[in-house]
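> This is the structure I have questions about; it appears just below.
The values are calculated or read from the model by the stated rules, or taken from the named source; none is laboratory data. Keep in mind that this is a model prediction, so the values were computed, not measured. Using ideal geometry, Cβ is built from the backbone for each residue, glycine included, and neighbour counts are taken over all protein chains shown.
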Amino acid sequence: MDFVVGVLIVVVGLLLSIALHEIGHLVPAKKFGVKTPQYMVGFGRTLWSRTVNGTEYGVKALPLGGYVRMVGMYPPARAGTPRRRRNGRASMVEEARAAALEEIRPGEEHRAFYRLSVPKKLVVMLGGPLMNFLISAVLLGVLAVGLGVGQYTTTVSSVQQCLPADPDATECAAGDPVAPGAQAGLQPGDEIVAWAGTPVRSWEEVTAAIAAGGTGPADVEVVRDGEDTTVAVTPVLRERPVLAEDGSVAVDAEGQEVTEQRPYVGIGPTFELVRQPVTEVPGMVWNVFTGTVEVVVTLPQRLVDVAEAAFGTQERDPGVVGLIGVGRFAGEIASLDGHGYGVAERSADMMSLLVSLNMALFVFNLIPLLPLDGGHIAGALWEGARRRIARWRDAPDPGPVDTARLLPATYAVVALMLGMSVLLAYADIVRPVSLAG
């Protein structure tokens, strides 16, 4: 039941994100006088609708997106442009132009989208993606400042009791030497405040201090039950895995884990939600943005990897999932039952999922291809550039860019997007990605 509730939560969050995305288009379009007959969340059969001030607001059966229908998205054909095929039927482009203009009544020509100035077109088309960016940034701010960001703290969570000869052993055997942390008397719940005289405020600083001190004895200051205590710890050298830049275990050319001798104490940190100052939020938003851009830029290769995993034996790329995968993540977050994983942690993870979804909607929609918002933005920018060049050359105004001529390419992009969705849905079913790894 908890799994289903989690899926419903993320579905509602995604629908609200889509609805607000379309509001980002609708509000400036109405402000600039564009005729907007429909505002819809979803596709397919209409479940509910109501018409207010000339716009039909509604919800459709398939919650896979949404749209604001603005009349006059395509300008009329220029004089001399062929309007018919050789068989006498109207071309696909002309049919699209006619559909875009058919709801413009006499005297409403000024309400067509194509008649907007370039800055106004940019505001209307950027409004949707920017709404998703704003949602992502606000949610991330609430998460970081209100709930906190999960991170390792300087509070000890576990203390290893011995150093078994077999690194995979789960219990101590007779003759195994006592681990340095246990020998020094460190206990779970101890908050480390200084290591060998160096104040520490994060677990990264603790590990750095251990590495810097080598195997020499170190006085460690801890807070235990509200009181300051000092213990003497003498680390030992032990074979430890080398970590890559992304935090994963590094492997060599043969796929074997890379290890090295490092000072070892045998203690583990507590993972907690730590509230961040407001000043940290812009940097966090930037990190989410750049990480999402990296995923989108490398999407073609990632999709190839997903296909190889879905239809072969390759490992599945956990960085790219479809709607089914997102729903699985939400279900796991809602149903996970673990020590220390309560309402706050569950809420933080669910909010992080919505942060990532909205940032993905922002970045993906800026790809300069129709029918994405980025395609219309690119068209408006090209229109502005052409008009500026014409003014420099004292040439006639070239008029709006005829984006209708790009419809064949638009349909190809739609086909690719549908193919991507089907591939990800299949991979999410046959080779699912789990948060538990």
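> Go through region 52-65 and report how many residues are within 29 Å of P400 (Cβ to Cβ) and in a strand (DSSP E or B).
Of region 52-65, the ones within 29 Å of P400 (Cβ to Cβ) are 53-57, 65.
From what is left, the residues that are in a strand (DSSP E or B) are 55-57, 65.
The qualifying residues number 4.
> Report yes if T230 is modelled with pLDDT of 90 or more and out of contact with any Ser or Thr (no Cβ under 8 Å at 6 or more places or on another chain), otherwise no. Show your work before the answer.
Values: modelled with pLDDT of 90 or more: yes; out of contact with any Ser or Thr (no Cβ under 8 Å at 6 or more places or on another chain): yes.
The answer is yes for T230.
> Need a quick list: strands (runs of 3 or more DSSP E) entirely within region 149-258 having at least 3 residues that are surrounded by fewer than 14 Cβ atoms within 10 Å (Cβ to Cβ).
Working: elements: 149-159, 191-195, 218-224, 227-233, 236-241.
Because the criterion is at least 3 residues that are surrounded by fewer than 14 Cβ atoms within 10 Å (Cβ to Cβ), the strands (runs of 3 or more DSSP E) in region 149-258 that meet it are 227-233, 236-241.
> Return the residue satisfying two criteria in turn: it lies in region 92-116 and is part of a loop (DSSP other than H, G, I, E, B) and in contact with a helix residue (DSSP H, G or I) (Cβ under 8 Å, 6 or more places away or on another chain), and of such residues it is modelled with the highest pLDDT.
L116
> For the condition under 17 Å from D373 (Cβ atoms) and in a loop (DSSP other than H, G, I, E, B), what is the one hit in V41, V27, V68, V34?
V34
Residues are listed down the side, and each one gets a yes or a no for (1) out of contact with any Phe, Trp or Tyr (no Cβ under 9 Å at 6 or more places or on another chain); (2) within 18 Å of V220 (Cα to Cα):
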residue: A174; (1), (2): yes, no
residue: A179; (1), (2): no, yes
residue: A184; (1), (2): yes, yes
residue: P188; (1), (2): yes, yes
residue: E191; (1), (2): yes, yes
residue: E204; (1), (2): no, yes
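> Within region 353-362, is there a residue that is closer than 21 Å to N132 by Cα and free of Cβ contacts under 8 Å to residues at least 40 places away in the same chain?
No: zero hits.
> Just to be sure before I move on: is I135 touching a His at 6+ places or on another chain (Cβ under 9 Å) and surrounded by 15 or more Cβ atoms within 10 Å (Cβ to Cβ) in the structure I sent?
Numbers: touching a His at 6+ places or on another chain (Cβ under 9 Å): yes; surrounded by 15 or more Cβ atoms within 10 Å (Cβ to Cβ): yes.
When the stated conditions are applied, I135 passes them.
> Does Q261 qualify as being polar (S, T, N, Q), more than 30 Å from P318 (Cβ to Cβ) and not assigned by TED's automatic domain parsing to the domain that holds P318?
Considered against the rule, which asks whether it is polar (S, T, N, Q), more than 30 Å from P318 (Cβ to Cβ) and not assigned by TED's automatic domain parsing to the domain that holds P318, Q261 comes out as yes.
> Considering every residue within region 79-91, establish whether at least one is out of contact with any helix residue (DSSP H, G or I) (no Cβ under 7 Å at 6 or more places or on another chain) and at pLDDT 85 or above.
no
> Still on this structure, I have one more. Find the residue count for region 331-362, including only residues that are modelled with pLDDT of 90 or more and on the phi > 0 side of the Ramachandran plot.
0
> I've got another one for you. Determine whether G374 is in the same structural domain as L130 (by TED's automatic domain parsing) and either closer than 30 Å to R69 by Cβ or in contact with a Gly (Cβ under 6 Å, 6 or more places away or on another chain) (or both).
yes
> Moving on. Let me confirm something: among S202, S158, which residue is within 29 Å of the chain's Cα centre (by Cα) and not assigned by TED's automatic domain parsing to the domain that holds N365?
Going through S202, S158 in turn, just one is within 29 Å of the chain's Cα centre (by Cα) and not assigned by TED's automatic domain parsing to the domain that holds N365: S202.
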